[in-house]
Amino acid sequence: MNPLPPRAPVDGTPPGAPQVVGALRHAIEGVLRRPVDVLAVAQVGGRPPQAVATRGAVAPEVPWPVGGTCVPQATVVHHDAAGLVVSVAARSAATADWSLVTGDLTATATVLATMVAVHVELGDLRQDVGDLTAAMRTRAVIDQAMGVVMARRRCTPGQALDVLRAWSQDHNEKMSAVAARVVTCVAGPVPPPTPFVPRRQAGGTGTGAPAMG
């Protein structure tokens, strides 16, 4: 069968994540006695990092810290576990003693990492169920077409499958489409099958980097 384009990434927004980031911002501002911006970024499975939640816009001129670099007006912490990296950064318009809130930043990164991991896993399970359903529908139509070919040509199941496969290759069509046409010729129109292309083999997109608001 010809592969389909990669599926669109599953929405990775864990419910409550923006509220967690908002609570962190409130806690930091209470400790430092000044307004701050907070940014959370997630990177899943080596994909490009994506901003997942932001709160505040009090210091747009201050660049967000990258890597592990901290500056007087900004800081960042990372939580890295099993291919999932969550970074939480904070910045202020003025110099701040970020050591006072490092614990809050670290705890929030850990919480967000857990939320993202659970949400991504649930998304994978939902996608796997969809893949299995599509596979069953496609296989049912192919089996019906094989039965038609076997009856017409008095051949074995393997030979019938070879006939369908050869037609698919010769005409550059998906086998499921060929099978549907064969069945239609005998029994009338059938719902078009959804070809089975496992998400993990369709370009490796899987679950996109989580977007938490």
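When you look at VAL183, is it surrounded by 16 or more Cβ atoms within 10 Å (Cβ to Cβ), in a loop (DSSP other than H, G, I, E, B), modelled with pLDDT under 90 and of a type outside the set (Lys, Arg), yes or no? Considered against the rule, which asks whether it is surrounded by 16 or more Cβ atoms within 10 Å (Cβ to Cβ), in a loop (DSSP other than H, G, I, E, B), modelled with pLDDT under 90 and of a type outside the set (Lys, Arg), VAL183 comes out as no. Right, ARG126: farther than 30 Å from GLU61 by Cβ, touching a residue at least 60 places away in the same chain (Cβ under 8 Å) and surrounded by fewer than 17 Cβ atoms within 10 Å (Cβ to Cβ) or not? Yes: the conditions hold for ARG126.
Taking the stretch 117-144, which residues are hydrophobic (A, V, I, L, M, F, W, C) and out of contact with any Leu (no Cβ under 6 Å at 6 or more places or on another chain)?
Of the stretch 117-144, the ones hydrophobic (A, V, I, L, M, F, W, C) are 117-118, 120, 122, 125, 129, 132, 134-136, 140-142.
Residues satisfying the conditions are VAL118, VAL120, LEU122, LEU125, VAL129, LEU132, ALA134, ALA135, MET136, ALA140, VAL141, ILE142.
Could you tell me whether the stretch 45-53 includes any residue that is buried (at least 18 other Cβ atoms within 10 Å of the Cβ), in the same structural domain as ALA74 (by TED's automatic domain parsing) and at pLDDT below 90? Among the residues of the stretch 45-53, at least one is buried (at least 18 other Cβ atoms within 10 Å of the Cβ), in the same structural domain as ALA74 (by TED's automatic domain parsing) and at pLDDT below 90, which makes the answer yes.
Every test in (1) over 23 Å from PRO15 (Cα atoms); (2) at pLDDT 90 or above; (3) not polar (S, T, N, Q) is passed by ALA90 save one, and that test is (1). Mind checking which pairs have a first residue in the stretch 133-161 that is basic (Lys, Arg) and a second that is assigned to a loop (DSSP other than H, G, I, E, B) and at pLDDT below 90, Cβ under 7 Å, 6 or more apart or different chains? If the second residue must be assigned to a loop (DSSP other than H, G, I, E, B) and at pLDDT below 90, the pairs left are ARG137/PRO193; ARG137/THR194. Contact annotation: residue pairs with Cβ atoms under 9 Å, 6 or more positions apart or on different chains, pairing a residue in the stretch 93-115 that is closer than 9 Å to LEU24 by Cβ with a partner that is hydroxyl-bearing (Ser, Thr, Tyr) and surrounded by 14 or more Cβ atoms within 10 Å (Cβ to Cβ), are VAL101/THR75; LEU105/THR75.
The values are calculated or read from the model by the stated rules, or taken from the named source; none is laboratory data. Treat the numbers as computed from the prediction; the structure is a model and nothing was measured. Because the Cβ atoms are built from the backbone with ideal geometry, glycine has one as well, and the counts that use them run over all protein chains shown.
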